[in-house]
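Student: Take this structure first; my questions come after.
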Amino acid sequence: MAYFSKSLREKSGGEPTSLRLYRSYVQALDWLFPPQCAGCGKPGSHWCTESQASLRRISEPHCTSCGLPNINIELCDSCQENSPTYVEARSFAYYEGDLRVALLNAKYRRDQALGLQFAQYLDQLLGALKWKIDAIVPIPLSKGRVNERGYNQVEIYARPLALMEEIDYLPKALIRSKETLSQVGLSLDDRWSNLENAFTAKARLLGQKNILLIDDVMTTGATLASAAKSLVTAGAKNVYALTMARAVPEKSKGP
C-alpha cells in the first residue's frame, strides 16, 4: 500500500493537501532550528541564492540511457557494454561546489527543508522529461547505515517529490539485502561487482507499475542499475531514475 492514499490528494489552493501540510510542518521547524545554507553555511536559509546560482544544470548532449553529459553519440561506452535495466536515468546538476557540500551534509543532518527545495528541482526535471510514472521508490541504505545516521537521506527528496507528483510513495518496495562496501575509491569494475544482488524488491507492492527510482548522486550508475534489475525482476513494468547530482570525469564536465 502507498504511504499516501489518493484520498489525501485533494487540491487546496492549487497544491495537494498532503504537500501543503508537509510544507507547513517543514517551515515550522525553522522556528525551532534557525536555518543556515547547507552549501555555504550562510545563515538565514537552507539553500541561499548564491548557492542556487552556483548550480550547473546538466543539458544535452548526453547519453540517451544514463544521461552522462557531453556525449556526442547515442549511448556512452558504459551503456553499450552493460545495458542498464532502467529505461532512462537523468540528473539535475553536476556534483560539484555548494551542491556537493549540501548533499554530503544531508547524509548527517536531516534537513527536510533542503529536501523540499531539491524535490522541487527534481519535479521540474521530471516535468520536462514527461515520463509516465506510477510510484516513487528511494534507493535504500543498509541497516547498518540507517542505524548510524538514523534516517535515509534520499527520503528527504523522494517523499516530497511523490507529494508534488501526487503519486504513490513506496519506501518499503526495495530493501538493501546485502551489506556493501562504500563505493568511494572503488574501480569501475569493483563498483559493479559490489552492487551485484545488493537489493531485493517486494513484488506485492509493484504490480506492473512504472517506477521512478530516486538517489542523491549518480557516478557510474551501478547502484541504480542493480536496484532497477531487482524491481523489474519482481514485477515492475518499467523503471526510470532521477538523481540530484551527477559525478562525472573532469573531461566530461565541459565549460
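Student: Determine the calculated [θ] at 222 nm for the chain from helices alone, applying -39500 (n - 2.57) to every DSSP H run no shorter than 4 residues and normalising by the residue count; nearest 500 deg cm²/dmol.
Tutor: Taken over the chain, the calculation gives -11000 deg cm²/dmol.
Student: Calculate, in whole percent, how much of the Cα-Cα pair population of the chain lies beyond 23 Å. If you can, show how the numbers build up before the last one.
Tutor: Numbers: 16368 of 32385 pairs.
When all Cα pairs of the chain are counted, 51 percent exceed 23 Å.
Student: Sequence-distant or interchain residues sharing an amide H contact under 5 Å with residue 88, placed H: which?
Tutor: HN-HN under 5 Å from residue 88: 241.
Student: Oh, and also: Count the DSSP beta bridges whose two residues both fall in the chain, then state the antiparallel fraction as a percent rounded to the nearest 5.
Tutor: 30 percent
Student: Hey, another quick one. To the nearest Å, what is the center-to-center distance of the stretch 20-40 and the stretch 55-100, using C-alpha atoms only?
Tutor: A separation of 32 Å, based on Cα centres.
Student: Can you pick out the pairs among 107/209; 202/229; 132/172; 130/237; 107/202; 107/130 whose Cα atoms lie more than 19 Å from each other? Walk me through the numbers before you get to the answer.
Tutor: Numbers: 107/209 29 Å; 202/229 13 Å; 132/172 21 Å; 130/237 17 Å; 107/202 26 Å; 107/130 29 Å.
Result: 107/209; 132/172; 107/202; 107/130 exceed 19 Å.
Student: Roughly how large, in nm² to one decimal, is the mean projection of the convex hull of the alpha-carbon atoms in the stretch 70-161?
Tutor: So the mean shadow area of the Cα hull is 7.7 nm².
Student: Compute the relative contact order of the stretch 139-180 as a whole-number percentage, counting only Cα pairs closer than 8 Å that sit 6 or more residues apart in sequence.
Tutor: Result for the stretch 139-180 is 60 percent.
Student: Hey, another quick one. Take every Cα pair under 8 Å in the chain that's 6+ residues apart, average their separations, divide by the length, and report that relative contact order as a whole percent. Could you put the intermediate results ahead of the total?
Tutor: Details: 452 pairs, mean separation 56.9, N = 255.
The value is 22 percent.
Student: Could you sort the peptides 241-248, 129-136 by per-residue average Cβ neighbour count (10 Å cutoff), highest mean leading?
Tutor: Top to bottom by mean Cβ count within 10 Å: 241-248, 129-136.
Values in this text are rule-based calculations from the coordinates and carry no lab data. These numbers were taken from a predicted model, which means no experiment stands behind them. FYI the Cβ positions are ideal-geometry reconstructions off the backbone, even for glycines, and counts take in every protein chain you see.
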